[in-house]
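First the structure, in the form of structure tokens, and then the observations on it.
The values are calculated or read from the model by the stated rules, or taken from the named source; none is laboratory data. In this text the structure is predicted, and so the values were computed from the model without any measurement. In this analysis, Cβ positions are derived from the backbone assuming ideal geometry, glycine residues included, and neighbour counts consider all displayed protein chains.
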Amino acid sequence: MLTAIGRAGVLGINRRNGDFVMRYNKRSLYPLVDDKLITKKLAQENGIPVPQLFGSLDTPRDIPSLNDLVAQQQSFVVKPSHGSGGDGIVVIDSHRGRRFWTCGGSVLLWAELAHHLENTLGGQYSLGGHPDRVMVEYRVKFDPMFNPVSYLGVPDIRIIVFLGFPVMAMLRLPTRRSGGKANLHQGAVGAGIDIAYGKTVHGVIGNNSTDEHPDTGAAIGGLEVPYWQQMLSIAARCYEMTGLGYLGVDLVLDEHLGPLMLELNARPGLNIQIANAAGLLPRLEYVQQHAEPALLPEDRVAWIQSLVNDRTAGWQSG
């Protein structure tokens, strides 16, 4: 068990909710991030790169139109607009006729895929179980640099942004245990990232430290994430885009398209602290006390990076 979880400065869920989420995130703005279709369209309007949306299915009557939406696409993804934790997402690697091959190698018949889409529209994977919509979008082809530290699925990067300042980041790596999903609660590896240089510091599975990926044996620490400055800039810009003061920004790195914003979260989890072996609270309080909110996104990123070696600010690497 990591001893770092008991370190002073670890942000707990009650304080996160009371002092940061409720104080800095207006409830009226939640739909901007809770509905992934709205988030994607908002990002496109603000020039933030996202995976291409081929179309959406709004009612069961729309299900047959899936074939037209993906007729020119070898691979694609279907996901619930109001889903969470990767539930309900199906990644299709290829398709022919009424057969669909997933990235895991299994085959779905049209009737099986249509049944899944109908369940998704009915709210099986949505927050609160309410009727939902299905997004049909580009399948991210993750950068090959992640091949040694990923199992099947697409790794992603979570960045916590407070008042427009990126304060903590981690890389989430799919495993066999997580079913190829970059979800820490399902067994993915979390690797803390030095926010100044975009380099991983070490990894965790659950609450336990790990120096290597459990399926590949590759080292977790010391990975340099490409396009790191661009990723931080995208994350910082999401503050102006949404108006949310406490925000989780999830990004992926596509082999051909570079960084893409995947989704946003108004109530991001706290396991990022375990991955970094550092508490969020000193960083959040330092931003509250010393940050200049009128700075442009790139200047906010630069200011945060200048604090990395300032131990009084609590920005030392884990």
Residues satisfying the stated conditions in the range 34-70, i.e. surrounded by 16 or more Cβ atoms within 10 Å (Cβ to Cβ) and of a type in the set (K, R): K36, K40
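Going residue by residue through the range 174-187, is there one that turns out to be under 12 Å from the mean Cα position of the chain (by Cα) and either of a type in the set (V, I, T) or closer than 28 Å to H290 by Cβ (or both)?
First pass over the range 174-187, keeping only residues under 12 Å from the mean Cα position of the chain (by Cα): 181-184.
Those still in the list that are either of a type in the set (V, I, T) or closer than 28 Å to H290 by Cβ (or both) too: none.
There is no residue in the range 174-187 that is under 12 Å from the mean Cα position of the chain (by Cα) and either of a type in the set (V, I, T) or closer than 28 Å to H290 by Cβ (or both).
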Where a residue in the range 293-317 is modelled with pLDDT of 90 or more and its partner, wherever it lies, is surrounded by 13 or more Cβ atoms within 10 Å (Cβ to Cβ) and charged (D, E, K, R), with Cβ under 7 Å and at least six apart: P297/R237
Counted residues, the range 153-192 - those being closer than 18 Å to L260 by Cα and part of a strand (DSSP E or B): 12
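Only one residue in G47, G55, G104, G83 is part of a loop (DSSP other than H, G, I, E, B) and on the phi > 0 side of the Ramachandran plot, so which one is that? Break it down stepwise before answering.
Working: G55 fails: part of a loop (DSSP other than H, G, I, E, B); G104 fails: on the phi > 0 side of the Ramachandran plot; G83 fails: on the phi > 0 side of the Ramachandran plot.
After applying the criteria, what remains is G47.
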Among the candidates M145, M135, residue that is surrounded by fewer than 17 Cβ atoms within 10 Å (Cβ to Cβ), touching a residue at least 24 places away in the same chain (Cβ under 8 Å) and either part of a helix (DSSP H, G or I) or not acidic (D, E) (or both): M145
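Can we say I160 is within 21 Å of R16 (Cα to Cα) and either modelled with pLDDT of 90 or more or surrounded by 18 or more Cβ atoms within 10 Å (Cβ to Cβ) (or both)?
Details: within 21 Å of R16 (Cα to Cα): yes; either modelled with pLDDT of 90 or more or surrounded by 18 or more Cβ atoms within 10 Å (Cβ to Cβ) (or both): yes.
The answer is yes for I160.
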Top-ranked residue in the range 241-251 [being in contact with a helix residue (DSSP H, G or I) (Cβ under 7 Å, 6 or more places away or on another chain) and outside any loop (DSSP other than H, G, I, E, B); ranked as nearest to T175 (Cα to Cα)]: L251
Residue within the range 101-113 that is free of Cβ contacts under 8 Å to residues at least 24 places away in the same chain, under 18 Å from P155 (Cα atoms), surrounded by 15 or more Cβ atoms within 10 Å (Cβ to Cβ) and not assigned by TED's automatic domain parsing to the domain that holds V252 present: yes
Boolean, G221 is free of Cβ contacts under 8 Å to residues at least 24 places away in the same chain, surrounded by fewer than 16 Cβ atoms within 10 Å (Cβ to Cβ) and among the small types (G, A, S): no
